[in-house]
Amino acid sequence: MILNEMMAGNALISIEEAVVVASAFHVGDRRVHAPDADDLTILIDALEAWRHHGHEGPVEVDLHESERSLFAASLPWLTVKEGADHVAHRFQCGAAVTARESGLDVDAVSVPSDLRISVDADAHAAINTAWSTEMGTANVSQGAYVSGQVHDLGLKARLGMLAQAGPIWPPRGSMADGGEPQHGACLSMAARVVSWTRLIAAGCPSEFAIRAPILGGLTSMILSFEEGPSGVFLYADGHPNDVNIDDEVLLIVRRVYAQDGVLRYGRKAIRL
Amino acid sequence: MVDVAMVGAGQTPYGTHPAAMKDMWADAVRSCFASIDGDLAPASVDEVFLGSTAFGGGQLGNTAAYLAEHAGMAGVPARRIENACASSGFALRDGWAAIASGRADVVVVGGVEKMNDLTPERKRYWLGVSGDTEWERLAGLTFPGTYALMARRHMHEHGSTHDDLVHISVKNHAHALDNPDAHLRKDVSFEKAANGMVIADPLTLYDCCPTSDGAAAVVLASADVARKLTDAPVWMRGSGAASDHLALHDRPSLTTLAATRSAASQAYAQSGYAASDLDVVEVHDCFTVAELLATEDLGLTESGQGGVFARNGEGKRNEGRTTVNGSGGLKAKGHPLGATGAGQAVEVFKQLRGQAGPRQVRDAEVGLTHNVGGSGATCAVHVFGRSLE
């Protein structure tokens, strides 16, 4: 095995027929998820890393019912198939994609100490408690908001970065000439910072009212894609130490917020 | 097209009021009708155009009928116009159009907002609903954030600095000291404004307007009616309006508001005036960077030179080339969302009639109001003059 890079807050191990990702975040010796990550996002991280390293082909993935639409929207290029040549595994705060016959013991993977990101136990507990509170059915919207239906209808654009012909992202409902928009390609997941800001907790939308004080606010960025469109995204898993206009970032799938008992996911930025 | 004039204008003080929305609106309407030189009663107007976001949702539906009744105009055709912070700027345009088209002779245009009777959580929710909810809001942005993104980009492209924004804040606070209707009447030093608490980096507390309660109203009349009511009408010489992408990231530039440029171009062309003719300008400075951008987009200075304009004090009352926000602007006079556009017209009315007291701009002949919705998704610009020539 060769531990060859960090990616999206994960330690990434790539061998000939396997890609393994494991969260770099640790409380003491215990591996934990990044503040915005969970089992689903790390599985998506693993499959994106797998593709990034030149692998392709159908994959067998064991998914919960609630994950299926999010998973399909996040990885539009992936063919999920029972009895496929490759299998996606999950293990504690990590995931792996291996050739079916590789025999790799993914549960034995641990992150070397020099690559670990150490997090404070109280801060980690506070974030987990905040997510639990946010996901509770008592945490309801106060009125006009992004409904579950609107969120689901936008999943392909939000998670898969699907644009309409032009390219225009996010897609519109009708063209200036009255015509119906045509589907385009997905935007690349790499982008450039056009502008950024860090909002204090009191300045954040009410959807983030529970977690923003723990995180010390939110960092938002306008990003420009090489295909032309721009978008606005949160920074993933906390705040960047340093950020500048024209920095390059990668978009990864992370939790955004929960409301009305439903967890919403989206792409967030992390510096390359 | 029928010529249109303002013949009356009034407002409540802006701030934190014990009065309810309906009572503030009634106060503003009474103040407005009291300013009319001739005799005119609220019940005799043809139409009511009311701007409000109905902040808090207390009377979200049929707001205009509810408020018309409380201000002596029961039975008059009334509607609420909602374009976020530009609501009453657009109400002004619709009221003007009703008279200019010959459909009405006298109309009431105004706005009202009650913002400070909510819990902090509810207020935070309502302050965000006029932005792009599906993309910007879920990327953590409220309006301080969107304007902070504009400010940082302007600094990157044009070399403006936060000190330039501080100059705007200090100027507008100084102007508001002479305005009894202003929300924040306090002298703010450069040092204090420069070291305010960061709200959305690079913007600080002193770059942000307050959330205000308040109401404002004007009476518009056709030329024939106006001349019967007063010897000093304030003529609406030009009206322009435009919209733009709701989300900031969809716009080709972060350092200009295309809706402002389009609306201003229309208003200038119709009025026959140019930016260089303006004596009094009330611009939408919900954040100091919004004033910086407005001075460029309205043509008071060249593109990219808004920072220099502010640094050189060119908007100071009776000192600079054109008085910018002589009332204190949104920054210090206050910003009761739906009332702001009408309140700007009230200020121009007083200035062009020489009734602005200690804040009077010398020899004010031509004025402009600039009212922006959200981060620039909508904009209404109006040009006013003391004469029709």
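The values are calculated or read from the model by the stated rules, or taken from the named source; none is laboratory data. Values in this document were obtained by computation on a predicted structure and should not be read as measured data. No Cβ is skipped: glycine too gets one built from the backbone with ideal geometry, and neighbour counts run over all protein chains shown. Keep in mind that these areas ignore ligands, DNA and RNA; they rest on the heavy atoms of the full protein, side chains included. Shrake-Rupley method; radii C 1.70, N 1.55, O 1.52, S 1.80 Å.
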- request: Apply the Kirkwood formula to the protein assembly as shown: the hydrodynamic radius equals the inverse of the mean of 1/r over all pairs of different alpha-carbon atoms; give it in Å with one decimal.
  value: 26.5
field: Theoretical FRET efficiency, 1/(1+(r/R0)^6), r = Cβ-Cβ of A:R271 and B:K186, R0 41 Å, to 0.05
entry: 0.50
task: Post the alpha-carbon centroid distance, segment A:219-272 to segment B:90-155, in whole angstrom.
output: 26
task: Starting from segment A:1-104, pick out the trypsin sites (Lys or Arg not before Pro) whose DSSP state is loop and whose Cβ has at most 15 other Cβ atoms within 10 Å.
output: A:K81, A:R100
field: Number of partner chain Cβ atoms within 10 Å, mean per residue of B:366-377
entry: 0
query: Which whole-number value in Å³ per residue fits the convex hull of the alpha carbons of segment B:1-45?
result: 106
message: Counting only protein heavy atoms and a 1.4 Å probe, tell me what percentage of segment A:142-271's accessible area is made up of carbon and sulfur.
response: 51
query: Taking +1 at the Cβ of each Lys and Arg and -1 at the Cβ of each Asp and Glu, which of A:A212, A:Q164, A:A185 sits farthest along the dipole of segment A:142-271 towards its positive end, judged by Cα position relative to the Cα centre?
result: A:A212
- line: When chain A is treated as a Gaussian network with springs between alpha carbons less than 10 Å apart, the largest mean-square fluctuation among A:I222, A:I252, A:I44 is found at A:I222
- line: Any residue on another chain or 5+ positions along whose placed amide H is under 5 Å from the amide H of A:V194 is listed here as A:I222, A:L223, A:S224, A:D246
- prompt: Heavy-atom accessible area per residue, segment A:3-119, 1.4 Å probe: how many Å²?
  reply: 46
message: Taking beta carbons within 10 Å but only from partner chains, what does the mean come to for residues A:208-220?
response: 3
message: At 1.4 Å probe size, what's the solvent-accessible area of B:D37? Round to the nearest 10 Å².
response: 90
message: Suppose every Lys and Arg Cβ carries +1 and every Asp and Glu Cβ carries -1, with no other charges. What dipole size does segment A:48-159 come out with about its Cα centre, to the nearest 20 debye?
response: 380
- prompt: Could you give the nm distance between label points at B:A232 and B:E121, where each point is 7 Å from its Cα heading toward the beta carbon?
  reply: 5.1
task: Could you compute the FRET efficiency for A:M135 and A:D62, with r as their C-beta to C-beta distance and R0 at 25 Å, rounded to 0.05?
output: 0.65
Magnitude of the charge dipole, the protein assembly as shown, Cβ model with Lys/Arg +1 and Asp/Glu -1, debye to 20: 1520
- request: Using per-residue counts of other Cβ atoms within 10 Å, averaged over each peptide, order B:248-260, A:182-194, B:102-114 from highest down.
  value: B:102-114, B:248-260, A:182-194
- request: Roll a 1.4 Å probe over the protein heavy atoms and report the accessible area of B:R122 in Å², nearest 10.
  value: 110
message: Give me log10 I(q)/I(0) at q = 0.16, 0.25 Å⁻¹ for segment B:20-91, Debye formula, one equal scatterer per alpha-carbon, no solvent.
response: -0.55, -1.24
task: Heavy atoms only, probe 1.4 angstrom, no DNA, RNA or ligands counted: give me A:D36, A:D152 ranked by accessible area, highest first.
output: A:D152, A:D36
message: Using the Cα centre of segment B:220-344 as the reference point, and only Cβ charges (+1 on K/R, -1 on D/E), how large is the resulting charge dipole? Debye, rounded to the nearest 20.
response: 220
query: Taking springs between alpha-carbon atoms closer than 10 angstrom, which of A:G154, A:G228, A:G217 fluctuates most in the Gaussian network model of chain A?
result: A:G228
field: Label-point separation in nm, A:A99 to A:A190, each point 7 Å along Cα→Cβ
entry: 2.8
task: Between the alpha-carbon centers of segment B:33-83 and segment A:1-58, tell me the distance in whole angstrom.
output: 61
field: segment B:1-92 - accessible surface per residue (Å², probe 1.4 Å)
entry: 38
- request: Mind grabbing the interface size between B and A? I mean buried accessible area, both sides, 1.4 Å probe, in Å² to the nearest hundred.
  value: 3100
- prompt: For segment B:232-294 and segment B:2-24, what is the separation of their C-alpha centers, rounded to whole Å?
  reply: 22
